[in-house]
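Asker: I am attaching a structure below and will ask some questions about it afterwards.
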Amino acid sequence: LAVQKVPPKVLRTKLQLPVKTLMGPGPTNCSKRVLQSLQHQIIGHLHSEVCQLMDEIKAGLQYVFQTKNRLTLALSASGHGGMEACLINLLEPGDTILIVKCGIWGERAADMATRIGANVKLIETEHNKAVTLEQMRTALDRDRPVAVFMVQGESSTGLKQPLDGFGELLHRYNALLIVDVVASLGGEPFFMDSWGVDAAYTGSQKVLGAPPGLTPISFSPLAEQKLFRRKSKPISFYWDLTVLGVYWKCFGEEDRVYHHTISSTLICGLREALAEVAEEGLQAMWIRHAGAAARLRKGLKLRGLQSYVKIPEYQLSTVISIELPPGVDDRIIVQRVMEKYKIEISRGLGPTVGKILRIGLLGQNATSKNVDLVLRALDDGLRQASVSKL
Ligand code: GLV
């Protein structure tokens with residue numbers, strides 16, 4: 001048989017990408033050290049060097065999650081994979097889950113849990129207000145769930161959910177606490193063990209500053225218990241943490257057993273990103289992100305722009321949401337900022353589309369210099385949008 005089609009011409013051009021400053025809710029830019037680590041030749045997913053890096057990543061993740069959980073690893077996935085893995089492993093068909101829906105991530109978790117055949121109950125809040133312990137207690141009395149899903153950093157609204165006290169409350173009702181920390185881990189204080197969180201996941205591409213593609217996840221001993229006492233196997237092999245845990249040598253086994261082919265390139269990137277986190281220290285990172293967020297909020301206030309989240313306690317340091325002034329087209333702002341400054345800022349997402357702009361301060365981009373840069377670009381974007389209004 002003869003080859004019919006000519007090879008695509010587009011593939012004969014040289015690959016070229018511009019450098020952009022990523023100040024949306026993620027991904028963020030990688031440091032030089034992380035980028036350099038991505039240039040290593042590929043090695044096998046069970047070679048001793050990769051296994052060693054996986055052990056080092058596990059130690060780094062236990063530090064960033066602030067946990068002693070042995071079942072701590074990185075999934076080959078984006079943050080969505082973390083959400084799905086938590087729900088698929090911790091829910092069986094017919095189980096009741098209570099989902100706090102403050103924005104798009106609660107909405108998505110509800111969709112996934114429904115597909116699993118769980119009985120989904122919701123606590124819905126105004127999009128710029130977090131849920132209180134009192135509201136949670138009422139919902140627990142009403143629904144008696146086996147698990148509760150919450151989001152620490154709701155990137156679609158810029159809302160921070162305080163978490164202190166929730167784990168203790170849930171455990172009194174025999175419910176597990178699942179927390180999405182995709183947009184917050186490393187930039188906001190998070191204490192997995194002290195706060196009684198049973199399952200948490202983040203994205204490598206957010207504050208940690210690694211490339212997208214890996215999703216750190218951790219399960220508490222209580223979550224492990226639920227996992228090993230299931231009546232049925234989790235519906236997905238790929239997300240099954242009983243087998244993934246063996247690949248990551250989490251249960252004290254002698255040897256790892258093949259589960260899937262993890263990317264040694266992404267493993268190198270995450271290892272170096274975690275090394276940088278360890279060098280800076282979590283406390284220093286939290287302070288740096290809070291400082292950058294305060295500087296940005298001050299700049300926005302000086303320009304007469306309003307935060308979408310009004311209550312300071314609920315304002316996230318990693319994703320800052322700004323109310324769109326009336327009649328202003330957010331698309332023009334975002335486009336101008338990208339075209340002229342090569343800076344990414346974002347429009348709203350899900351329930352906030354057309355209502356807000358979102359600026360991310362993630363990882364190495366959470367600096368005064370970048371805040372000043374993004375404010376200058378925003379001024380220009382706002383000018384452009386007001387000219388277009390005339
Ligand atoms: C993605 O995480 C987003 O918030 O846009």
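We did not get these values from a lab; they are worked out from the coordinates using the rules stated. This structure is a prediction, so every number in the text was calculated from the model and none was measured. Cβ atoms come from the backbone with ideal geometry, glycine included; neighbour counts cover every protein chain shown.
Asker: Suppose we flag chymotrypsin sites (Phe, Trp or Tyr not before Pro) only when DSSP calls them loop and at most 13 other Cβ atoms lie within 10 Å. Which is the longest uninterrupted stretch of the chain?
Answerer: With a cap of 13 other Cβ atoms within 10 Å, the longest stretch comes to 1-236.
Asker: Exactly which trypsin sites (Lys or Arg not before Pro) in region 283-342 are in a DSSP loop and have at most 14 other Cβ atoms within 10 Å?
Answerer: Within region 283-342, the qualifying trypsin sites (Lys or Arg not before Pro) (loop, at most 14 other Cβ atoms within 10 Å) are Arg303, Lys310, Lys342.
Asker: Cα atoms only, region 156-200: Rg and Dmax in Å?
Answerer: For region 156-200, the Cα radius of gyration and maximum Cα-Cα distance read 10.8, 31 Å.
Asker: Taking 0.36 nm per residue of sequence separation and subtracting the Cα-Cα distance, how much length would be gained by fully extending the chain between Ala59 and Glu124, in nm to one decimal?
Answerer: The span from Ala59 to Glu124 would gain 19.8 nm if fully extended.
Asker: Another question, if that's okay. Could you tell me what percent of the DSSP beta bridges with both partners in the chain are antiparallel, to the nearest 5?
Answerer: Rounded to the nearest five, the antiparallel share is 50 percent.
Asker: Looking at region 5-163 from every direction and averaging, what is the projected area of its Cα convex hull in nm²?
Answerer: That works out to 14.9 nm².
Asker: Pairs of alpha-carbon atoms within less than 8 angstrom and 6+ residues apart define the contacts here; what relative contact order does the chain have, in percent?
Answerer: It comes to 24 percent, rounded to a whole number.
Asker: While we're looking at this one, here's another question. Which whole-number percent is the relative contact order of region 185-310 (Cα, under 8 Å, 6+ apart)?
Answerer: Relative contact order comes out at 27 percent.
Asker: Same structure, new question: To the nearest 0.05, how large is the calculated FRET efficiency for Leu35 and Lys9 if R₀ is 45 Å and r is the Cβ-Cβ distance?
Answerer: 0.90
Asker: Hey, another quick one. At 222 nm, what value in deg cm²/dmol follows for the chain if DSSP H runs of at least 4 each add -39500 (n - 2.57) and the sum is divided by all its residues, to the nearest 500?
Answerer: -12500 deg cm²/dmol
Asker: Around Val151, which amide H atoms from residues at least 5 apart in sequence, or from another chain, sit under 5 Å from its own amide H, with H modelled in the peptide plane?
Answerer: So Val151 has HN proximity to Asp180.
Asker: How many angstrom lie between the Cα centre of region 48-96 and the Cα centre of region 317-390?
Answerer: The two parts, judged by their Cα centres, are 33 Å apart.
Asker: Also: Just to confirm the filter: which trypsin sites (Lys or Arg not before Pro) across region 346-390 are DSSP coil and have at most 16 other Cβ within 10 angstrom of their Cβ?
Answerer: Loop-located and lightly packed - Lys355.
Asker: Shape verdict for region 128-286, please, from the Cα gyration tensor: rounded (a/c under 1.5), prolate (a/b greater than b/c) or oblate.
Answerer: In terms of gyration-tensor shape, oblate.
Asker: Under 1.5 on a/c is rounded, so check that first for region 163-247, then, if it is not, pick prolate when a/b is larger than b/c and oblate when it is not; a ≥ b ≥ c are the square roots of the alpha carbon gyration tensor eigenvalues.
Answerer: oblate
Asker: Starting at the first residue of region 360-376, write each ³J(HN,Hα) from the Karplus equation 6.51 cos²θ - 1.76 cosθ + 1.60 with θ = phi - 60°, in whole Hz, x for Gly and Pro.
Answerer: x, 10, 10, x, 5, 8, 7, 9, 4, 4, 5, 4, 5, 4, 5, 5, 5
Asker: May I ask you to derive the relative contact order of region 107-185, considering only C-alpha pairs under 8 Å and at least 6 residues apart, and to give it as an integer percent?
Answerer: Across region 107-185, relative contact order equals 29 percent.
Asker: Around Leu22, which amide H atoms from residues at least 5 apart in sequence, or from another chain, sit under 5 Å from its own amide H, with H modelled in the peptide plane?
Answerer: Residues meeting the criterion, in which the H sits 1.01 Å from N, are Asn29, Glu344.
Asker: Let me know the volume per residue of the alpha-carbon convex hull for the chain, in Å³.
Answerer: Cα-based convex hull of the chain, divided per residue, equals 178 Å³.
Asker: So, one more: Give Lys129/Lys355; Lys310/Lys389; Lys310/Lys355 a once-over and call out the pairs whose C-alpha atoms are over 19 Å from each other.
Answerer: Checking Cα-Cα distances, Lys310/Lys389 exceed 19 Å.
Asker: Which semi-axes, in whole Å and largest first, does the equivalent ellipsoid of region 208-310 have when worked out from the alpha carbon gyration tensor as the square roots of 5 times its eigenvalues?
Answerer: Semi-axis lengths for region 208-310 are 38, 19, 14 Å.
Asker: List, in order, the whole-Hz ³J(HN,Hα) value for each residue of region 228-234 obtained from phi through the Karplus relation with A = 6.51, B = -1.76, C = 1.60 and θ = phi - 60°; use x for Gly and Pro.
Answerer: Calculated HN-Hα couplings, in order: 7, 9, 4, 7, 10, 5, x Hz.
Asker: Something else about it: Looking at the chain, which longest stretch skips every one of the GluC sites (Glu not before Pro) that is in a DSSP loop with at most 15 other Cβ atoms within 10 Å, leaving the sites themselves out?
Answerer: 255-390
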